[in-house]
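Right, one structure below, let's go through it.
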Amino acid sequence: MRLEEMQLHTSPFLEGYSNGDAEVVRFFDYKSPYDKHEWTKRQQELKRYSFPRQGLTDYLTSYNQKVGSSPKTIENIQKLNAEDSVAVVGGQQAGLLTGPLLVIYKCISTIQLAKQAEKELNVPVVPIFWIAGEDHDMDEINHVMVPKNNTAKKVSLKSAGSIKSSASQWEWNRDEVQPWLKEVFRSFGETAFTSDLVAETERILKESDSIVTFFAKLLAKWFSEDGLIVLDSGDPAFKKLQSMMLKEMILHNSEIDKAFNVRTEELCKSGYSAPIEVQDNNAHLFYTKNQERILLYRHEDGFSSKEKDFTISKAELLEEAVEHPEKFSNNVVTRPLMQEFLLPVLSFVAGPGEIAYWAVLGRVFSQFDRMMPILTPRLSFTLVTAEVNELLHSKKLTVKQVLENGTEEYKREWFTLNRPIETNETVQSVRAEFTSSYEKLIKLAEDIDPKLLSVADHNLKRILSEIDYMEDKLEQRVRKKVKEPLAEFDEIMLQLKPTGILQERIWNIYQFVNEEGSYLVNKLVQYPYQFNGKHKIVYV
């Protein structure tokens, strides 16, 4: 495996954060995400807080045993009982077959950063992946993208119900999932690895009672030997640890909302757009009734749904937080707070969008006399297979050129230099000669009857359009002679930057494992990367 690095300009806000731009880092408590001295400061800050360590380790042990994690992961969980232990945390929704590649990269980032921090701080540092099982946006997670007909095609698995329940509670019929799984692997194509890969994935599917369990088991398969701990935020057993913080969120709800609104306004005044929508009286909490998640809004008598078809008093909501915490879930504003209350977070591994929304949470944390953790931008990759690398060499292209500019311009240049027959000069000559000769007919028409000029002009345009038609046909035949090399430019683009978007946001890790073998993930997780804000180009 060979590695190159490049600076990608995809997110001005992330770039400003990584570079220490004063107008960006002022929104964060720790200003230098790549400075190891920040780890020491955060480690000392965490000593001010207390965490439900025993309850946490009991839950994490039970859940990770359920999803088949290794003894290494169970050992890491027990480390959390030590008062000086801390965690590196990453997270994502539970996508099918682990979702897009960036999920795998978050896991790798979390594991790598924990290892580096443990070596630097000389205290236990464990990697934790927070699965957002309480999320209910199924359209974001119910599919895998596969390459087909020179584009990215979505292969979706439809939910059996229409109720907006959390992913952890999504109705899951494994017999319906299996045909979907086979369709996905057919789209990847048959290789020497396909049969074993399908058999193992089907076995894991049969052991999974929900999309979240399937996701967690796959993460455990790929990363538990590296000690990755997984948790499901939608698990009722995990929510039992949340009652105290839920009460605080209800009691201080208006203060949380005001702090969020003020910081969002400050960010907008700095020239950046609001990363999270501001809504009047948003309670930033969901309450589940009849299996449906209801976003709560404050009103003078307590809380209600947006449409006011559901209402509950503040006292009743506080009682529910104690008796039935499993009925609650957080939104994007309160989830980080809940995470910080439950876990001793040294650093949170974040993508570009997450960095932006954490920027509006500083005042929210201050309401609870806490500081935000260090936010470390996740590692970002483009995988280059041997086949694609060969195509790049044949076209004298680099990955950097493709990621920055696409392939269309290079495709046109190649065609200009390599076209087998030149048509343009001949066609232009014929068009000019005909137009010149036609002037005689125009002059004759004018002499006979000036009213014929419009007829002559219309006739000229029609004949020229026929020449244009012939030119198109000639060009099509010329391109057909070099169809294969031209299509190779499209294949390069499809693999490295499908639909003009970074590969990591579209393709799935199983597409590459099917081609390269299971060892690929192990090689990716073991490579000693640097957290430096640069995009990694990995030749597999």
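The values are calculated or read from the model by the stated rules, or taken from the named source; none is laboratory data. Computed from a predicted structure; not experimentally measured. Every residue, glycine as well, gets a Cβ built from its backbone with ideal geometry; the counts of neighbours run over all protein chains shown. SASA here: full protein model, heavy atoms, side chains in, ligands and nucleic acids out. Shrake-Rupley method; radii C 1.70, N 1.55, O 1.52, S 1.80 Å.
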| field | Projected label distance in nm at Ser32 and Lys308, using a 7 Å step from Cα toward the beta-carbon | value | 5.4
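Any chance you could run the full-extension gain for Glu466 through Glu446? It's 0.36 nm times the residue separation minus the Cα-Cα distance, nm to one decimal. All intermediate terms of the calculation are to be shown ahead of the outcome.
Numbers: separation 20, 0.36 × 20 = 7.20 nm, distance 2.42 nm.
Gain on extension, Glu466 to Glu446, equals 4.8 nm.
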| said: If you take volume of the Cα convex hull per residue in Å³ from the coordinates, which of (1) 210; (2) 152; (3) 176 do you get? | reply: (1)
| note | Here segment 414-419 yields Karplus 3J(HN,Hα) values (6.51, -1.76, 1.60; θ = phi - 60°; whole Hz; Gly and Pro given as x) of 4, 5, 4, 7, 10, 5
| task | Considering only DSSP beta bridges where both residues belong to the chain, give the percentage that are antiparallel (nearest 5). | result | 55
| task | Specify whether the C-alpha gyration tensor of segment 356-425 places it in the rounded, prolate or oblate class, a ≥ b ≥ c being the square roots of the eigenvalues: rounded for a/c under 1.5, otherwise prolate if a/b is larger than b/c and oblate if not. | result | prolate
| the chain: angle of helix 194-206 to the longest principal axis, Cα-based, in degrees nearest 10 | 40
| Between 0 and 90°, nearest 10: helix 424-448 axis offset from the chain longest Cα axis | 60
| remark: For segment 214-220, Karplus-derived ³J(HN,Hα) couplings (6.51, -1.76, 1.60; θ = phi - 60°; whole Hz; x for glycine and proline) come out as 4, 4, 5, 5, 5, 4, 4
| query | Taking H as built 1.01 Å from N, whose amide H comes closer than 5 Å to the amide H of Val349, not counting residues under 5 places away? | reply | Val89, Gly90, Thr376
| Shape parameters for segment 410-540, alpha-carbon atoms, Rg then Dmax in Å | 27.2, 87
| said: Let me check something: with ligands and nucleic acids excluded, how do Ser273, Ser32 order by accessible area (1.4 Å probe), largest to smallest? | reply: Ser273, Ser32
| task | Once you have the Kirkwood Rh of segment 446-523 from its Cα pairs, apply Stokes-Einstein at 4 °C and 1.567 mPa s and quote D in µm²/s. | result | 73
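Loop only by DSSP, 11 or fewer other Cβ within 10 Å of the Cβ. Give me the trypsin sites (Lys or Arg not before Pro) in segment 260-321 that pass, ordered by residue number. Numbers along the way, then the final one.
Details: sites: Arg263, Lys269, Lys289, Arg293, Arg298, Lys306, Lys308, Lys314; in loops: Lys306, Lys308.
Taking segment 260-321 and a limit of 11 other Cβ atoms within 10 Å, the loop trypsin sites (Lys or Arg not before Pro) found are Lys308.
What ranking, highest mean first, results for peptides 220-227, 115-122, 83-90, 368-375 when packing means the other Cβ atoms within 10 Å averaged over each residue?
On the way: 220-227: 21.1, 115-122: 16.0, 83-90: 23.1, 368-375: 19.4.
Result, highest mean Cβ count within 10 Å first: 83-90, 220-227, 368-375, 115-122.
How large is the helix-only mean residue ellipticity at 222 nm for the chain, computed as the sum of -39500 (n - 2.57) over DSSP H runs with n ≥ 4, divided by its residue count, in deg cm²/dmol to the nearest 500? Intermediate results must be reported in sequence, preceding the final value.
Working: 24 runs with 277 residues, N = 540.
The per-residue figure over the chain is -16000 deg cm²/dmol.
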| query | Any idea what angle helix 101-121 forms with the longest principal axis of the chain, computed on alpha-carbon atoms, 0 to 90 degrees, nearest 10? | reply | 50
| request: Return the sequence-ordered ³J(HN,Hα) values of segment 172-189 in whole Hz as given by the Karplus equation 6.51 cos²θ - 1.76 cosθ + 1.60 applied to θ = phi - 60°, using x for Gly and Pro. | output: 10, 10, 5, 5, 7, 6, 4, x, 4, 4, 5, 4, 4, 5, 4, 5, 6, x
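Ordering Met6, Met244, Met470 from largest to smallest accessible area (1.4 angstrom probe), what's the sequence?
Values: Met6 10, Met244 125, Met470 105 Å².
Solvent-accessible surface, decreasing: Met244, Met470, Met6.
What are the semi-axes of the equivalent ellipsoid of segment 493-540, taken as the square roots of 5 times the eigenvalues of the Cα gyration tensor, listed largest first and rounded to whole Å? Before the final figure, lay out each step's value.
Numbers: eigenvalues 71, 59, 12 Å².
Semi-axes from the Cα gyration tensor: 19, 17, 8 Å.
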| Accessible area in square angstrom per residue, the chain, 1.4 angstrom probe | 46
| remark: Of segment 348-385, those with amide N under 19 Å from the point 7 Å along the Cα→Cβ vector of Ala192 are 385
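Work out the FRET efficiency for Ala487 and Gln530 from their Cβ-Cβ distance, taking R0 = 45 Å, and round it to the nearest 0.05. If you can, show how the numbers build up before the last one.
Values: r = 37 Å, r/R0 = 0.81.
Step by step, r from the Cβ atoms, then E = 0.75.
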| task | Using +1 at the Cβ of each Lys and Arg and -1 at the Cβ of each Asp and Glu in segment 100-247, identify which of Ala199, Met245, Val125 lies farthest towards the dipole's positive end. | result | Met245
